[in-house]
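The values are calculated or read from the model by the stated rules, or taken from the named source; none is laboratory data. This one's a predicted model, so the numbers in the text were calculated from it and none came from an experiment. Cβ coordinates were reconstructed from backbone atoms using ideal geometry, including for glycine residues, and neighbour counts include every protein chain displayed. Side chains included, ligands, DNA and RNA excluded: accessible areas come from the protein's heavy atoms. Shrake-Rupley method; radii C 1.70, N 1.55, O 1.52, S 1.80 Å.
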Number of protein chains: 4
Amino acid sequence: MAANGQKTWVFSDGDLPPAGDREPFGHEALMVVNLNKKPASLSLEILFEDREPVRDIRATVAAERVRCFRLDKPIGDQNFRIPFGQYALVVRSDVPVVAVFGRLDVRQNNLAYYSVAGYSFS
Amino acid sequence: MAANGQKTWVFSDGDLPPAGDREPFGHEALMVVNLNKKPASLSLEILFEDREPVRDIRATVAAERVRCFRLDKPIGDQNFRIPFGQYALVVRSDVPVVAVFGRLDVRQNNLAYYSVAGYSFS
Amino acid sequence: MAANGQKTWVFSDGDLPPAGDREPFGHEALMVVNLNKKPASLSLEILFEDREPVRDIRATVAAERVRCFRLDKPIGDQNFRIPFGQYALVVRSDVPVVAVFGRLDVRQNNLAYYSVAGYSFS
Amino acid sequence: MAANGQKTWVFSDGDLPPAGDREPFGHEALMVVNLNKKPASLSLEILFEDREPVRDIRATVAAERVRCFRLDKPIGDQNFRIPFGQYALVVRSDVPVVAVFGRLDVRQNNLAYYSVAGYSFS
């Protein structure tokens, strides 16, 4: 594996859960770690089952910081809102980063976590 | 790691949970992302503990799409039904893809997620 | 990644949960897939926090089969019983295999799954 | 992958859950396996969303042992306490090791596990 991470991360199973009516709210999130001494410029792409991808949603992660992107909120410079239903998320960065994707589901009285494996390449 | 994914994915712990009697139903699912500009032709293989594998279940994923295969439903062109009990799933594709496997268990009042790590090679 | 899997798998977070008093019982399990046309001979090693490892617990997986090893039961030809408390599991095989490790926890009324990431090399 | 593990592990989604008031207490933990015949010297680094990283928290793992670091307790020779909120954890070792990261959440009556994928390089 390359030092400090990879430039592309693919998360194949996005599906926003209902938010519920109290904390902790159901959601999905993308966490990105930038171990470099310069900012990371991200370009996010969302793929769907039955229509064209949404491309080039722009965001940044400061040098030597972790950033949590709530995927149930408007994301990136375009304030894009991911619709309910199956999707996949591709993260492209100009410098190597490390990313993980998680879901918090509160459809029942007790929360459940789901972690989606990332596939990465440079 | 190779660009856009891998041609073979192995998921070693399949075991369909009871469906339960209301949404969300217990199930397992395979999500496949095709980042290529051409369709992906898949050949699925199911391995068991005590009998010969079922081979070459055929399915496709359109270009630049994600597809969710419910594994508790008939799958592929053959409408194969996976029996209850331990199994493993091998996904072979003619182009690189990214795949993940998940289980949703509702045997109790509250759901639980289980994500099975994929091993991939080209 | 090498075809058909890897010869060594390391699972770093074993810790047998209480079994509870009804199905599904709390447990940990190791699933091993052998995609080869010959049997896989396994040698398992258990590491602990404060004493010497237990080495060379022997088991096999038939050709083109998946096998589930319940880790709360006697394992291998030696019928070794893993004690409660933190441990790590190393799987060595004479042919490449794919392995995953999972925990099912039933300490509360509802089950929870925990999947331990495997690290593999040949 | 390199034999016996990797020298650097990155876990991108740390966020200590509330402890709750009874066993099992909510927490996060880092498990490190040292398969080598010499001790592993670790240097841990914690990254945050909005301030400088905390660097070079020192700890060791004995030869041929697994060690569980409770991340809700003071860690390393400095007895550093990780604050609540988003963080990322980097583990650097002088010899190859295998590490995993897990969260146990007890905010509701039933526990939930979350496993954070590790990214590793040498």
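The single residue among C:99, C:117, C:88, C:62 that is within 21 Å of residue D:96 (Cα to Cα) and open to solvent by 30 Å² or more (accessible area, probe 1.4 Å) turns out to be C:117. Taken over region A:5-52, residues that are within 13 Å of chain D (Cβ to nearest Cβ) and over 18 Å from the mean Cα position of the chain (by Cα) amount to 6. Residues of region C:70-85 that are farther than 30 Å from residue A:110 by Cβ and open to solvent by less than 40 Å² (accessible area, probe 1.4 Å): C:75, C:76.
Annotation: residue A:26 fulfils all but one of (1) at pLDDT 95 or above; (2) surrounded by fewer than 23 Cβ atoms within 10 Å (Cβ to Cβ); (3) touching a Leu at 6+ places or on another chain (Cβ under 9 Å); the unmet one is (1).
How many residues does region A:82-111 contain that are modelled with pLDDT of 85 or more, out of contact with any His (no Cβ under 6 Å at 6 or more places or on another chain), within 12 Å of chain D (Cβ to nearest Cβ) and more than 24 Å from residue D:121 (Cα to Cα)? Talk me through it step by step, then tell me what you get.
Taking region A:82-111 as the starting set, the residues that turn out to be modelled with pLDDT of 85 or more are A:82-105.
Next cut, out of contact with any His (no Cβ under 6 Å at 6 or more places or on another chain) only: A:82-103, A:105.
Next, only the ones that are within 12 Å of chain D (Cβ to nearest Cβ) stay: A:91, A:96-103, A:105.
This time we only want the ones that are more than 24 Å from residue D:121 (Cα to Cα), so: A:103, A:105.
Counting residues in region A:82-111 that are modelled with pLDDT of 85 or more, out of contact with any His (no Cβ under 6 Å at 6 or more places or on another chain), within 12 Å of chain D (Cβ to nearest Cβ) and more than 24 Å from residue D:121 (Cα to Cα) gives 2.
Among the candidates C:65, C:55, the residue that is within 7 Å of another protein chain (Cβ to nearest Cβ) and over 19 Å from residue C:17 (Cα atoms) is uniquely C:65. Just one of the numbered conditions (1) surrounded by fewer than 22 Cβ atoms within 10 Å (Cβ to Cβ); (2) in a strand (DSSP E or B) is not true of residue C:109: (2). Only residues that are without any contact (Cβ under 8 Å) to a residue 24 or more places away in the chain and buried (at least 17 other Cβ atoms within 10 Å of the Cβ) were counted across region C:30-59, and they come to 2.
Taking the criterion of being outside any loop (DSSP other than H, G, I, E, B) and within 11 Å of the chain's Cα centre (by Cα), the residues of region D:67-86 that qualify are D:67, D:68, D:69, D:70, D:75. Taken over region A:4-23, the residue count meeting the criterion of being farther than 30 Å from residue A:109 by Cβ and open to solvent by 60 Å² or more (accessible area, probe 1.4 Å) is 1.
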